[in-house]
Every structure is written in structure tokens, then in C-alpha cells.
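One structure below.
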Amino acid sequence: MFSPVELRSGQVLRNRIAKAAMEEGMAGQAQLPDERLIALYRRWGAGGAGLLITGNVMVHAEALTGPGGIVLNSESPLEQFVAWAQAGKAAGAAMWMQISHPGRQMQANMPGVVWGPSDIAVDLGRHSKRFGRPAAMTGEQIRDTITRFATTAARAELAGFDGVEIHAAHGYLLSQFLSPLVNNRTDEWGGSLENRARILLKIVRATRAAVSPEFAVAVKLNSADFQRGGFDADDAHKVIGMLAVLGVDLVEVSGGSYESPAMSGRPTDGRTAAREAYFLELAADLARTSPIPLMLTGGITRSETAEAVLAENVAVIGMGTALAVTPDLPNRWREGLGAAGALRPVTWSDKPLASLAQMAQVRYQMRRMAVGKEPALGIRPALALVADQRAKSRALRRYSRWLASARRARTA
């Protein structure tokens, strides 16, 4: 765990433990990072991980995974991003920015655009109305989106980040293009896997061309969507092969989407029931032949599990919730100690709502650490969910005002 990892770009991670991306939902004014995110990542950086990956940073100001999302585009000032990168790197960790577009996974109450490869909406049963109805993207919108990813990556490097992770998992836009259940296009962007992967491959090429050779470029990819007829492990194997020739440094293996939230241990088809290392079996199969180093994220909380993952030829282990509970867990592992505790389990039968509550518990801890407090592990899931909804309501008002102002400025 504590041996270094050298990547294709020449970048060296000081150990094999990564803080995986978690959606913080803590954007300040103008959708920029503020002192809260800076303090949170300074704390994580001091906790001993070799790599910190931010939560979603959005490439399109009109398409956010949530109203508290950070936006980095061609118009964003860089000063606060510089401070964010410096805070994460202060104790020796590498700092990567996860860059993303939600596609059709846009909340219905948010302003902006709801796009997808096709006009197929998110299906969450009685919760489906929470999401907007997507419009199928035009060729121009697809090409503009490719440019947006590359622009955000280039600006992340200018701000002092060490790399970017292109989010092509969890049902977001690039994952939607990869999925035969969501992408029913008949043009060059749909049909065969090669066509469905085209937007991702073009984004990787454009990003690699926009940044320096020593800047890391990673991809987050589903090992499977955990939906019958969706993107599966064989598809993931083929896409990794496509990425191998493009100079990708690392592929993070995860799984699921809002419709099948396997990333929180709650897939709709029940195929990943393990309490830890949800995707290890699939990742181990991929690692045997992968020409790119793999990172596995999903439910890792104990050092014994981390070592078991690394023993399967996985190069880096990623942790999210565990570091929201115990931010210095890598240092504790080095000293032979374990986690400080665990969050209350969410046992609700409504899987989409349970997944929301689970994420709300995690964000509750992040908001506490961002203002210098310790995690409060006893928070009840329902109370965490109420607090999260209140925070989102405040963020939505702020984002709506900012977006309206930005639109007026563009048309003035």
C-alpha cells in the first residue's frame, strides 16, 4: 500500500491509496471553490493518501450534477482553484480534478440544459419526476462538449492541479453514450461500441493534446452498469483497450448509475452484494489483461481489504466514505490502527431514496470537516437527508441567480 506508483506521464504517486471523488456540493459564490473546500482538502492532504481526486467539476455552466457544483470553464477566474490545488498538495499528495458532465442526470428543478445521447429519460419509478426530460444532443453540441472537457483540463493544469479524471461512469453523460440502453443513436455516435465510445475517445485525445506530457489524464469507467442489456464487463475490457493507445495514465473502475446505484452497494440486479470492495471480482478480471494501471473504488474501509485488492494486480485503491468518516485513515493504517468508526447503516427498502440518504450522510461529514469540526458518525440518515436538502435549496437559489447573471452578461 505504501509503495510508490509511477504513471505513464512520469508522475509518481507516493503511495497506492487515493481519496476517490465524492460530490461535495459546496460551491461558493459564482460556483467557485471557497475556503470550505480549501480547508477540507488541506485536511485530506494531511491524512496520508498519495492521491486526492476532487468531486465533480463541471465543464458546462448550464449542466451541473447538483446546484452546489463547481464550474471551471473558459470564463472562470483561477485564483481560488490555485488555492484549492495548493491546499490538497501541501503535505505531498498529488491533486487531480474530476471533470464531468451530467447529461440526462439533471434535477428537474434546476435551470440549464438537460442533454443526453438520446431523449431517453432517467427511470427511477416514482422518483423519475426528479429529473428533467433530456433532448438528444446535436452533432454541434457533442463537438462543443468535447472542447469543453479539454478546456477545463487545460485550465486545471494552469491552476496547479497534477491531473484530471474524465468521468465516464455512474450514469453521467459519457457513461450514457457508452450504454446501449440509453444511447439509441444511429449516427457516428451510436450503434456499435466503437461508435458509442467515440465521444470519450475524442475527449481523451483533445485533453491529452491540451495539457503537458507530465500532466496525468485518467478515466473513471464503469466495470458494468448492473442493468440487464447495459454496458458490461466485456465492454469495459474493450474500452480500456481503446484508451490504452491514447496515453491514459489510470482507469478507475467503479459501477452503477442513479438507476442502479451499485457505487453505494445497492445495484438493482443484486450482483454486487459484498460489504467491501464492491467491484473487486470484475476489477480483478479486468486487471489481468489491462494495459493501463487500474484503480478500484467502492466500499473499501479496512487495510486488509485494501491489501487483498492490491494483490489482484490493481495498482491503486480508492476510498470515499471511509475518508469522510476518518480523514487520516491512511496515516492510521501506517500506524496499525483502523477507522474511527462507521456511519449508521441505511436499511430503507426504497433503494433510490436510501442511496440519497447514504450520500447525504457523507456530505454531512464533509461539511463539518470543512469548517474545522470532527465527523459526527451518529447522524441519523433521515436528519442527514433533511440537512442535505436544505443545503441544496440554498445552493439552488445561489446558482440560479448566478446563471441568470452570466446569461445576461453573454447577451449584453
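Conditions (1) in contact with a His (Cβ under 9 Å, 6 or more places away or on another chain); (2) within 23 Å of Arg332 (Cα to Cα), marked per residue:
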position: Pro33; (1), (2): no, no
position: Gly45; (1), (2): no, yes
position: Gly55; (1), (2): no, no
position: Val71; (1), (2): yes, no
position: Glu79; (1), (2): no, no
position: Gly116; (1), (2): no, no
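Ala283 passes all but one of (1) part of a helix (DSSP H, G or I); (2) open to solvent by less than 10 Å² (accessible area, probe 1.4 Å); (3) modelled with pLDDT of 90 or more; which number fails?
Going through the list (1) part of a helix (DSSP H, G or I); (2) open to solvent by less than 10 Å² (accessible area, probe 1.4 Å); (3) modelled with pLDDT of 90 or more, Ala283 breaks only (3).
Would you pick out the residues in the stretch 356-388 that are open to solvent by 40 Å² or more (accessible area, probe 1.4 Å), more than 22 Å from Leu64 (Cα to Cα) and not in a loop (DSSP other than H, G, I, E, B)?
Arg368, Ala382, Leu383
Can you name the condition, by its number, that Asp235 falls short on among (1) at pLDDT below 80; (2) surrounded by fewer than 24 Cβ atoms within 10 Å (Cβ to Cβ); (3) part of a helix (DSSP H, G or I)?
Of (1) at pLDDT below 80; (2) surrounded by fewer than 24 Cβ atoms within 10 Å (Cβ to Cβ); (3) part of a helix (DSSP H, G or I), only one is false for Asp235: (1).
Residues being within 17 Å of Thr326 (Cβ to Cβ) and out of contact with any Leu (no Cβ under 9 Å at 6 or more places or on another chain): count how many of those fall in the stretch 3-38.
Our first condition is that a residue be within 17 Å of Thr326 (Cβ to Cβ); within the stretch 3-38, this holds for 15, 17-20, 22.
Next, from what is left, pick out any that are out of contact with any Leu (no Cβ under 9 Å at 6 or more places or on another chain): none.
Looking only at that region, the number is 0.
When you look at Ala391, is it open to solvent by less than 40 Å² (accessible area, probe 1.4 Å), part of a helix (DSSP H, G or I) and more than 17 Å from Ala27 (Cα to Cα), yes or no?
It is false that Ala391 is open to solvent by less than 40 Å² (accessible area, probe 1.4 Å), part of a helix (DSSP H, G or I) and more than 17 Å from Ala27 (Cα to Cα).
Can you name the helices (runs of 4 or more DSSP H) wholly within the stretch 136-231 that have at least 3 residues being open to solvent by less than 10 Å² (accessible area, probe 1.4 Å)?
Numbers: elements: 139-158, 173-178, 193-196, 198-210.
Fully inside the stretch 136-231 and qualifying: 139-158, 173-178, 198-210.
Can we say Phe177 is modelled with pLDDT of 95 or more, over 21 Å from Gln31 (Cβ atoms), touching a helix residue (DSSP H, G or I) at 6+ places or on another chain (Cβ under 6 Å) and among the aromatic types (Phe, Trp, Tyr)? Talk me through it step by step, then tell me what you get.
On the way: modelled with pLDDT of 95 or more: yes; over 21 Å from Gln31 (Cβ atoms): yes; touching a helix residue (DSSP H, G or I) at 6+ places or on another chain (Cβ under 6 Å): yes; among the aromatic types (Phe, Trp, Tyr): yes.
So Phe177 passes the test.
Within the set of pairs 6+ apart or on separate chains, which have a first residue in the stretch 307-328 that is within 11 Å of Met366 (Cα to Cα), a second that is open to solvent by 50 Å² or more (accessible area, probe 1.4 Å) and modelled with pLDDT of 95 or more, and C-beta atoms under 6 Å apart?
So the pair list comes out as Pro327/Arg43.
The values are calculated or read from the model by the stated rules, or taken from the named source; none is laboratory data. The structure presented is a predicted model; accordingly, all values stated were derived computationally and were not measured. Neighbour counts run over all protein chains shown; Cβ positions are idealised from the backbone, glycine included. With ligands, DNA and RNA removed, areas are computed over all heavy atoms of the protein, side chains included. Shrake-Rupley method; radii C 1.70, N 1.55, O 1.52, S 1.80 Å.
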